[in-house]
Amino acid sequence: MRIVRLAPYTALLTAVTVVACSSLPVDTVPTGPTATVTPESITLDVGDSTTVTVNSNGSGTVRWKSTDPTVVAVDSLVQLGDGAKVRARSRGSALLNGTATIDGQPYSTSVPVRVGG
């Protein structure tokens, strides 16, 4: 997963690599910080844990939130490059929604989590 700032004050993080950049005018070619999120999806058994990390060539923080904290919990605030601990609590599915501030610019992502066993 890649984070790319497409134009001043506009950012997009998607589960797919953005390939439409070649159709942008030359003066809006992506510049500034980029980032990757790993892993792009998570599968755990109840009681297991792992980490989710946003790495960037910029600096900043990532605030994480689970759409269903009864299924999966996540550390709420970490620095870029630091892993946020993800803990499987019960069977089900949820999204981990991350909002990053990288060099003062907002970015967002979602990581699907499936908990079995």
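The values are calculated or read from the model by the stated rules, or taken from the named source; none is laboratory data. Because the structure is a prediction, the values reported are computed rather than measured. Cβ coordinates were reconstructed from backbone atoms using ideal geometry, including for glycine residues, and neighbour counts include every protein chain displayed.
Residue count for region 56-98, restricted to those that are within 15 Å of PRO33 (Cβ to Cβ), of a type in the set (S, T, N, Q) and surrounded by 15 or more Cβ atoms within 10 Å (Cβ to Cβ): 1. LYS65 satisfies every condition listed in (1) modelled with pLDDT under 95; (2) in a strand (DSSP E or B); (3) not acidic (Asp, Glu) except (1).
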